[in-house]
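Here the structure comes first, spelled out in structure tokens, and everything after it is commentary.
The values are calculated or read from the model by the stated rules, or taken from the named source; none is laboratory data. Bear in mind that the values here come from a model prediction, so they are computed numbers and not experimental data. So basically every Cβ, Gly included, is an ideal-geometry build from the backbone, and we count neighbours across all protein chains shown. In case anyone asks, the SASA skips ligands and DNA or RNA and just uses the protein heavy atoms, side chains included. Shrake-Rupley method; radii C 1.70, N 1.55, O 1.52, S 1.80 Å.
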Amino acid sequence: MRKFLISSAVLASLVSVFVNAYGQTGGTKKGTPGAAVAAAQAEPPHKIALIDMGRVFKEYKKIEVLKEDWKSEFQVNEDNAKKLTAQVQQVVEEMKTFKPGTTEFIKLEKQQTDLAAKLGAFKQTAQRELLRKEAELLKTVYLETMDVVEKFADRFGYTLVMRFNSDMFEGEDMSKMQLVMNRVIVYHRTEDDLTDGVIKFLNRQFDNGQPKAANSGGANGTRKNN
């Protein structure tokens, strides 16, 4: 019995030594729990920033300048459409002076049909061109904004930048209150909102000379869609 007790004590001591040694050295081996903890501790913590893209599209000076160019082109299209409309109306008035079925009436009727078709095609083409230019503008501004956001993230150590709506509920506008209450971001620190800084950077860059069109992908791939 005495020998058995001594053996048990020795065995318990050996187990304790083994456990302590494994906890100190075994955790450093790849694939062990200790390695996972060490790796997690070595990685920098995530830091999240926010940006209100709605404000960017409202306050970026470049958009207003391009819109002025659009207004001039839109006015030219409107003037051309009015001319074609006036021609159609003139032919319609001339048709009233002839009896339906006469040679003159049939000739004017064909002319009116051709002019109406030309007017419709012109309006469709002008509308498509306007939508195409608007899409190009939105894409250009978005990519330029993403370039600046990436610079801010690299500079201040942000690992994730999320879009949000910074509008505040004021007055008795219930529809706006509902939008505010349904926001995903319900709280943020003021210093984590990049919107003001990004807008100022974009406008300063624009004042110093229009920035070149941004590429669709960043150097580190942060703007690629998954």
Roughly how many percent of the accessible protein surface of region 93-132 is carbon and sulfur, given a 1.4 Å probe and a whole-percent answer? 60
What spacing in nm lies between the two simple spin-label points modelled at HIS46 and GLU109, each 7 Å away from Cα in the Cβ direction? 7.1
Efficiency by 1/(1 + (r/R0)^6): what FRET value for GLU136 and LYS200, r their Cβ-Cβ distance, R0 = 22 Å, to the nearest 0.05? 0.35
Please go through region 132-189 and write out the GluC sites (Glu not before Pro) that DSSP classes as loop and that have at most 14 other C-beta atoms within 10 Å. GLU170, GLU172
What net charge is computed for the residues neighbouring GLU136, neighbours being all others with C-beta under 14 Å from the C-beta of GLU136, Lys and Arg scored +1, Asp and Glu -1? +1
So, counting K/R as plus one and D/E as minus one, what does the shell of residues with Cβ under 11 Å around ASN165 add up to? +2
What spacing in nm lies between the two simple spin-label points modelled at SER166 and GLN89, each 7 Å away from Cα in the Cβ direction? 4.8
Taking the alpha-carbon set of region 75-150, what are its Rg and Dmax in Å? 20.9, 72
Greater than 31 Å apart at Cα, pairs in LYS61/LYS123; LYS123/LYS151; LYS96/LYS118; LYS61/LYS151: LYS123/LYS151
How do 81-91, 63-73 rank on mean C-beta neighbours within 10 Å, highest first? 81-91, 63-73
What net charge is computed for the residues neighbouring VAL184, neighbours being all others with C-beta under 15 Å from the C-beta of VAL184, Lys and Arg scored +1, Asp and Glu -1? -2
Between region 143-203 and region 61-76, how many Å separate their Cα centres? 27
Which distance in nm do the two modelled labels at PHE152 and GLU73 give, with both placed 7 Å along the Cα-to-Cβ direction? 3.0
Stretch gain in nm, segment MET177-ASP207, where the contour uses 0.36 nm per residue and the Cα spacing is subtracted: 7.2 nm
